Amino acid sequence: MDGMDDIIQEFLVESEESLDRVERDLVALEEAHDPELVAGVFRSVHTLKGTCGFLGMSKLEGLAHVGESLLSKVRDGELALTAERTTTLLSMSDAMREILRHVAETGEEGPRDVTALETQLERLQEDGVGASTGGAQPPDGAASERAPDGEAARPTAGGDAEGARSPTNDGAVVELRSARPPAPASDRVPSRPARAGARDAFDPADGATARGAASESVAPRVVRVGVGLLDELMNLVGELVLVRNQILQLAGGVDDAGLAAASQRLDHVTSELQEGVMTTRMQPIGTVWSKLPRVVRDLARACGKEVRIEMHGRETELDRTLIEAIKDPITHLVRNAVDHGIEAPEVREAEGKPREGVLSLRAFHEGGKVEIEIADDGAGIRPAQIERRAVERGLVTSAQAAAMSEREMIQLVFRPGFSTATKVTNVSGRGVGMDVVKTNVERIGGTIDVASRSGEGTTFRVQIPLTLAIVPALVVRCAGERYAIPQISLLELVRLEGAQRRRIESVHGAPVLRLRGRLLPLVDLARLLGVTSDAPADGPVHVVVLHADDQTFGLVVERIHDTEEIVVKPLSRALERLGTYAGATIMGDGRVSLILDVLGLAKRGGVLAERAAASDGAAARDDAGGEPSTQTLLLVEASDGRPLAVPLALVDRLEEIDPATVERAGPHEVVRYREEILPLVHLSRLLFGGAPSPATEPLQVFVVRHGDQRFGLVVDRIHDIVEAPLEVQALGERTGVLGSAIVQDRVVEVLDVEACVGAAMSPRGLESAAGNWTLDWATAAE
């Protein structure tokens, strides 16, 4: 705001912080009455009123005065803080924010009429008004000492520090605190009246003790610094890191002990300076969460629900740039949980749940990243409902939906245009939001995932880096150029030489790597970038195993260099649209290297689940009658090399299971699998009546779903995944087999997964079926 002096600038910042505390404490008081919180709210409003009077803002002063009068009666125990009084006080806070925004923009309080709000606050000061809405009555004797009416506060931080501080570049400030803990609130000097044009003075009755408390309290340990200055410092530190990298590289090529020692000292000092500046930019995630109790309270009341919010890990810190970036996505996820996830009280009661739903937020550091979980104990996401709505909105076809696993179906909530709301409201129903959340999280190098159990609740997991300014990265080479890959996405490095190169195979015409029994999709960086690789045809293959959007894939590069801390520089708008690069950096030799966008590589390489699910689903169904349909098949061997084919669309996962982990539950073999019990079905025993030999090697298992239960079908060997025309011929009626077909010039039997699982659920059915199938095989042999 042009022409704003230091005092007005500081007043706006202080007022926003005070209103944040007022709203947070008012919402907390609805849970339980706390005299200290009531007194704190009163003090904040009282200080705000005094400062407004000093600055001549009569509208704000009048509104704060009426609110202060109501709060004083609540503080003194004359009135209870009912839900109606809390709501009106929160409306007062909203009105004050609106007026403050107008002051920041124009220097005037604006046209907002607060007469009706003041009248409502005055009405609620009458004893008995609003009492039917409930609320906690403060205990006798809970009132604290009341400041005399008309007491004004100094136009500084809460009226406690002398003088005015300099404005920041953008109006925002960050408090820099020392490790020394602040003094207790009771030791701080209370605000005293101040007169315009006069220096701040303490009441003589306060004595030396009060003056000593002032000198030992906030002032020596808290300094307000504009975030613009911190951003400038961060940029300078970034440049220093680049210079440090260049000097280290130069010193490594010179045989000079003095230069080596100086460069190492520079490295040490630069690292400490970088860590210190990064610490000043770090803020607790509680700064984002502080507004959420108010959001949950208002939305729950609007939806007629009862919701309690729990927060864990408020102190978890991350860069202030990321704090701003995740504010809107987290708020949307919270609103979505209240609106869609948690049921109405009467519905919860009918299902045997407490009437009050619980929304839990948890944040913690893990592996150099910040994990944020937003969980509710509501109805959960029903895959059938997701499927129906997705098909209705044309997001997927019926064939594609039928081929999706439950997890892939739930991931459709992130598709643009998807919504399960039955009507459009001011909260939801337009099919926008979740896709924007995903886009915003991915834009800052993060990922988002969702897990849900019907009737038990839904959990969203957001994973973001600690900072975007200076990050550790792996440097790789392709076609003579170096590229940086952020280590947040790196899982492992694989080098294949000689005979190991045969582990690279082809599925659907695409290269895959057999890595510890699993097929890992490969993306050739040179081919993706459209350049010619310099790697020798018979040389080693370097694979960087990466993680993107809950998918794992391998990036084939020519050479792997060392890890290095890089300074992220933004790209021009022309390059941003490519989706392959996340930025650029300057290497130690002064050359510019591009930073690869791992998610963009995965999308361009076609390895993401949603693309695979769509292709598998389209291949699984052929609506054009007459011609045999082309399907993606899993080829396995069940006993004595007998081949079986299973439509891949019916398979959830391929697993290797340690025989030592297999247990028995009644007549069945089971194993603990992903927090559930997975029954095992031996196809050799089920189809051919043979007894499986004692397992000494990992069991080859493909996991299928029957209703809400997963089953693991054990085979002798998982052979391959192929795409071929499938024309099934019934050669005799045999339970567990749909028929026979020719696949890759071999006669294979096509497995009836539903029948096999159904037979395996009953021991008698299992024995009977095995006997009949053995007889059929014997008859067929004759």
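Consider Gly394 against the criteria (1) at pLDDT below 90; (2) open to solvent by less than 50 Å² (accessible area, probe 1.4 Å); (3) in a loop (DSSP other than H, G, I, E, B): it satisfies all of them except one. Which criterion is unmet?
(2)
Report, by residue number, each residue of segment 77-132 that is in a helix (DSSP H, G or I) and of a type in the set (D, E, K, R).
Those that are in a helix (DSSP H, G or I) and of a type in the set (D, E, K, R): Glu84, Arg85, Asp94, Arg97, Glu98, Arg101, Glu105, Glu118, Glu122, Arg123.
Which ones in segment 671-689 are open to solvent by 20 Å² or more (accessible area, probe 1.4 Å) and under 41 Å from the mean Cα position of the chain (by Cα)?
Within segment 671-689, Arg672, Tyr673, Arg674, Glu675, Glu676, Ile677, Pro679, His682 meet the criteria.
Check Gly590, Gly625, Gly600 and return the single one that is in contact with a Gly (Cβ under 6 Å, 6 or more places away or on another chain) and either at pLDDT 50 or above or not in a helix (DSSP H, G or I) (or both).
Gly600
I need a count of the residues in segment 434-450 that are modelled with pLDDT under 85 and open to solvent by less than 10 Å² (accessible area, probe 1.4 Å).
Summing the residues that are modelled with pLDDT under 85 and open to solvent by less than 10 Å² (accessible area, probe 1.4 Å) in segment 434-450 gives 1.
On the given criteria, is Val512 among the β-branched types (Val, Ile, Thr) and in contact (Cβ under 8 Å) with a residue 24 or more places away in the chain?
no
Please go through (1) farther than 30 Å from Arg24 by Cα; (2) touching a Leu at 6+ places or on another chain (Cβ under 9 Å) for Trp289 and return the number of the only condition it doesn't satisfy.
(1)
Please enumerate the residues belonging to segment 402-411 that are assigned to a helix (DSSP H, G or I) and either in contact (Cβ under 8 Å) with a residue 60 or more places away in the chain or surrounded by fewer than 18 Cβ atoms within 10 Å (Cβ to Cβ) (or both).
Passing the criteria: Ala402, Glu406, Arg407, Glu408, Gln411.
Can you name the condition, by its number, that Gly62 falls short on among (1) modelled with pLDDT of 85 or more; (2) under 32 Å from the mean Cα position of the chain (by Cα)?
(2)
Would you check which residues across segment 380-405 are in contact with a strand residue (DSSP E or B) (Cβ under 8 Å, 6 or more places away or on another chain) and either more than 30 Å from Ser489 (Cβ to Cβ) or of a type outside the set (Ser, Thr, Tyr) (or both) and list them?
Within segment 380-405, Gly380, Ile381 meet the criteria.
Enumerate the strands (runs of 3 or more DSSP E) found wholly within segment 496-574, keeping only those where 1 or more residues are among the polar types (S, T, N, Q).
Strands (runs of 3 or more DSSP E) meeting the threshold: 504-507, 551-557, 559-567.
Say we look at segment 451-502 and pick out the residues that are in contact with a Pro (Cβ under 6 Å, 6 or more places away or on another chain) and hydrophobic (A, V, I, L, M, F, W, C); which of these is surrounded by the fewest Cβ atoms within 10 Å (Cβ to Cβ)?
Looking at the filtered set, the residue picked out is Ile488.
Got a sec? Which of Glu349, Glu343 is out of contact with any Gly (no Cβ under 8 Å at 6 or more places or on another chain) and either of a type outside the set (Gly, Ala, Ser) or assigned to a loop (DSSP other than H, G, I, E, B) (or both)?
Glu349
Can you work out which of the residues in segment 338-369 that are more than 28 Å from Ile488 (Cβ to Cβ) and in contact with a Ser or Thr (Cβ under 9 Å, 6 or more places away or on another chain) is surrounded by the fewest Cβ atoms within 10 Å (Cβ to Cβ)?
Out of the qualifying residues, it is Asp339.
So is Ser44 within 27 Å of Gly107 (Cα to Cα), assigned to a helix (DSSP H, G or I) and of a type in the set (S, T, N, Q) or not?
yes
Being closer than 17 Å to Glu118 by Cβ, open to solvent by less than 50 Å² (accessible area, probe 1.4 Å), small (Gly, Ala, Ser) and in contact with a helix residue (DSSP H, G or I) (Cβ under 6 Å, 6 or more places away or on another chain) is true for just one of Gly62, Gly53. Which residue is that?
Selected residue: Gly53, the only one of Gly62, Gly53 that is closer than 17 Å to Glu118 by Cβ, open to solvent by less than 50 Å² (accessible area, probe 1.4 Å), small (Gly, Ala, Ser) and in contact with a helix residue (DSSP H, G or I) (Cβ under 6 Å, 6 or more places away or on another chain).
Determine the pairs where a residue that is touching a residue at least 60 places away in the same chain (Cβ under 8 Å), located within segment 527-549, has a partner that is aromatic (Phe, Trp, Tyr) with Cβ atoms under 7 Å apart, the partner being 6 or more residues away or on another chain.
Correct list of pairs: Leu546/Phe553.
The values are calculated or read from the model by the stated rules, or taken from the named source; none is laboratory data. No experiment lies behind these values; they were computed from the predicted model shown. Virtual Cβ from ideal backbone geometry, glycine too; neighbours counted across all protein chains shown. Ligands, DNA and RNA are stripped out before the accessible areas are found, and what is left, the full protein with its side chains, is counted by its heavy atoms. Shrake-Rupley method; radii C 1.70, N 1.55, O 1.52, S 1.80 Å.
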